[in-house]
Amino acid sequence: MKTGILRSISTAGTFVETETRPSRGTSWKSVYDTIRTEILSLALAPGDLLDETTLAERFDLSRSPVREALIRLAGDGLVVTLPNRSTIVAPIEIASFPKYVEALDIAQRMNARLAAALRSDADLKRLAGRQRAFVAAIKSKDHLAMSEANKNFHMAIAEAGRNPYLAGFYERLLDQGRRMLHLHFEFLERTQDGTLLTDEHDEMIAAIKARDVERADALAHAHTRQFRDNFINFMKENYATDISLGAPRAAE
């Protein structure tokens, strides 16, 4: 945070300049918001060290609000405290990706089914508004704005489903996947023009509007598979010559 200059008038009638600083110990939220944005946008890479002293100096705060921000980021699954008490940006666990996709697929399909069965006209208006925001974010090519708008769209589906437990589970999964989604966006920008994402959302809205539960389910499932396949292709292209992240086989 930047310091400022406060100009006041002395008893002699002259201007006196004094340096001002933000109140110490009161700004954990600004630290949290800034670091969260940097993690989600990959400005802070997985595994990067987050040193409390360095962060306190950066934000011109005591270590207490920095520690509070890191605790909350850990609760979001975005940072990890190691046994030696140092804190790092949470790794993207590639080995657990199939399990993540499995959970995402179930949550996405269940919320889509409920939305198709229970949606109201107000829900449809909300979905249309969130889709417009997503289209605008796609055009901006701002990955952070794109992942935020994508989350908001899918949460509008969950809200239409009227099950706060499923919605809460779904929101956590969407948050956990936002960094992977940025890599997915990067791959799509190189291989397509982004219309695939917007078209899929439009089809989901149409199925929900028609109260077509089975089609909403099928589209949600296809949406998850598209994310899975593109992320795997991105990883093959950029980080490995041979990588397998397919669905786990059932035990024999």
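The values are calculated or read from the model by the stated rules, or taken from the named source; none is laboratory data. Since the structure is predicted, the reported quantities are computational estimates derived from the model, not experimental observations. Cβ coordinates were reconstructed from backbone atoms using ideal geometry, including for glycine residues, and neighbour counts include every protein chain displayed. Each accessible area value is taken on the protein alone, full model and side chains, heavy atoms only, with ligands, DNA and RNA left out. Shrake-Rupley method; radii C 1.70, N 1.55, O 1.52, S 1.80 Å.
For beta carbons closer than 7 Å, sequence separation of 6+ or different chains, a first residue in the range 44-64 that is within 16 Å of Val79 (Cβ to Cβ) and a second that is hydrophobic (A, V, I, L, M, F, W, C) and open to solvent by 30 Å² or more (accessible area, probe 1.4 Å), the qualifying pairs are Pro46/Ile92; Phe59/Met1. Of the residues making up the range 207-222, just one is acidic (Asp, Glu) and not in a helix (DSSP H, G or I), namely Asp212.
For Lys209, are the conditions met, namely being out of contact with any Pro (no Cβ under 7 Å at 6 or more places or on another chain), over 25 Å from Ala156 (Cα atoms), at pLDDT 80 or above and not acidic (Asp, Glu)? Judged against the criteria, Lys209 is not a match. Exactly one residue out of Leu127, Leu78 is open to solvent by less than 30 Å² (accessible area, probe 1.4 Å) and within 24 Å of Phe187 (Cβ to Cβ): that is Leu78.
Of the candidates Gly177, Gly168, the single residue that is without any contact (Cβ under 8 Å) to a residue 12 or more places away in the chain and within 18 Å of the chain's Cα centre (by Cα) is Gly168.
Out of all the residues in the range 34-67, which are of a type in the set (Asp, Glu) and open to solvent by less than 60 Å² (accessible area, probe 1.4 Å)? Matches in the range 34-67: Glu38, Asp48, Glu52, Asp60. Note on the range 91-113: residues that are at pLDDT 95 or above, among the hydrophobic types (A, V, I, L, M, F, W, C) and over 18 Å from the mean Cα position of the chain (by Cα) total 3.
A single member of Leu49, Leu55, Leu61, Leu70 is more than 30 Å from Ala149 (Cβ to Cβ), modelled with pLDDT of 95 or more and out of contact with any His (no Cβ under 7 Å at 6 or more places or on another chain), and it is Leu49.
Could you list, in sequence order, the residues of the range 132-180 that are within 27 Å of Lys236 (Cβ to Cβ) and polar (S, T, N, Q)? Matches in the range 132-180: Ser147, Asn150, Gln176.
For the range 223-241, the count of residues that are farther than 15 Å from Gly177 by Cβ, acidic (Asp, Glu), at pLDDT 95 or above and not in a loop (DSSP other than H, G, I, E, B) is zero.
Taking the condition open to solvent by less than 10 Å² (accessible area, probe 1.4 Å) and of a type in the set (A, V, I, L, M), does Leu73 pass? Spelling it out, Leu73 is indeed open to solvent by less than 10 Å² (accessible area, probe 1.4 Å) and of a type in the set (A, V, I, L, M). Return the residues of the range 165-185 that are at pLDDT below 90 and open to solvent by less than 10 Å² (accessible area, probe 1.4 Å); say none if nothing qualifies. Those that are at pLDDT below 90 and open to solvent by less than 10 Å² (accessible area, probe 1.4 Å): His182, His184, Phe185.
Within the range 87-102, the set of residues being open to solvent by less than 50 Å² (accessible area, probe 1.4 Å) and farther than 17 Å from Leu42 by Cβ comprises Thr87, Pro98, Tyr100, Val101. Of the residues making up the range 144-155, none is open to solvent by 20 Å² or more (accessible area, probe 1.4 Å), on the phi > 0 side of the Ramachandran plot and either touching a residue at least 40 places away in the same chain (Cβ under 8 Å) or not in a helix (DSSP H, G or I) (or both). Inside the range 75-84, residues that are modelled with pLDDT under 95 and either within 11 Å of Tyr32 (Cβ to Cβ) or among the small types (Gly, Ala, Ser) (or both) make up a count of 4.
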